[in-house]
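The values are calculated or read from the model by the stated rules, or taken from the named source; none is laboratory data. Only a predicted model underlies this, so the values are computations on that prediction, with no experimental measurement involved. In this analysis, Cβ positions are derived from the backbone assuming ideal geometry, glycine residues included, and neighbour counts consider all displayed protein chains.
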Amino acid sequence: MDEEVLAIETRRNLFEFVRKNPGFHLREIARTVNLSITLADYHLRFLEKHELLSSTMDGEYKRYYPRSMPGDATARPALTDTEKQILALLRQAIPFRILAHLMERESATHKEILDQVPVSASTLSHHLKKMTGTGVVARGEAPERSYRVADPKLVARVMTTYELASAGQVDTFIRVWGEFRL
C-alpha cells in the first residue's frame, strides 16, 4: 500500500523532505520543493490521510512530521509532542535565537536576552510567553525571574539531530551543560 501512495514522484519527494526536515510548515515546504501551495497542500493531506505524515497546528501554521510506522495509527510517533514543540520553535528565527542564547547559558533575564536578540522588548516578551507556555522554556522565581531551557539535553539533541546547531554551538552546550548523550 505504501508503495502505491508514494508511487507519484511529487508525493514521494514531499514525504522525503518532511522525513528529513520535520517541523516545516506548508508555505516553507512548498517554497523549498518548488511546488504551488495548493499542490503541496493536496499531497501533504493525502500523505496524512494514509498515515505517512502527521501534523500539528502551531498558532496559524500547520507543521508536518513523519510517522514512525506507516499505516499503523497506534504506532509511537517518530517524534514526541515535546520534540515537535522544540522543532516548531527552532524553525522560527526569533525563538531559535532565544533558545540558542539560553542554551549557551544556564539562565538569562529578559534584559540579557534583549541585549542579544534584536527585537523590541514587547516582541521578546511575546515569544518568551509562547515558549514558556509550551514548557520548552521555564521561568525562575522572583526576584530575578530569569529564563532557562527546561530540558537542555533534549533541546541539544534535537538541534544536533536536525543539524540546527553549529559545531561551535554544540561545543558551547557541552561546556555549559556538561556531558550529555545524544
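A few remarks follow.
- Restricting attention to region 77-123, the residues being closer than 23 Å to Glu144 by Cβ and charged (D, E, K, R) number 7.
For (1) in the same structural domain as Ser54 (by TED's automatic domain parsing); (2) of a type outside the set (A, V, I, L, M); (3) closer than 24 Å to Leu89 by Cα, each residue gets a yes or a no:
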site: Ile8; (1), (2), (3): yes, no, no
site: Arg12; (1), (2), (3): yes, yes, no
site: Phe17; (1), (2), (3): yes, yes, yes
site: His25; (1), (2), (3): yes, yes, yes
site: Ile29; (1), (2), (3): yes, no, yes
site: Thr32; (1), (2), (3): yes, yes, yes
site: Ser36; (1), (2), (3): yes, yes, no
site: Asp41; (1), (2), (3): yes, yes, yes
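- Some residue of region 43-54 being of a type in the set (Ser, Thr, Tyr) and surrounded by fewer than 17 Cβ atoms within 10 Å (Cβ to Cβ): no
- Within region 36-81, considering residues that are basic (Lys, Arg) and assigned to a loop (DSSP other than H, G, I, E, B), the one modelled with the lowest pLDDT: Arg76
- Of all residues in region 76-122, those being within 23 Å of Arg19 (Cβ to Cβ) and among the charged types (D, E, K, R) number 5.
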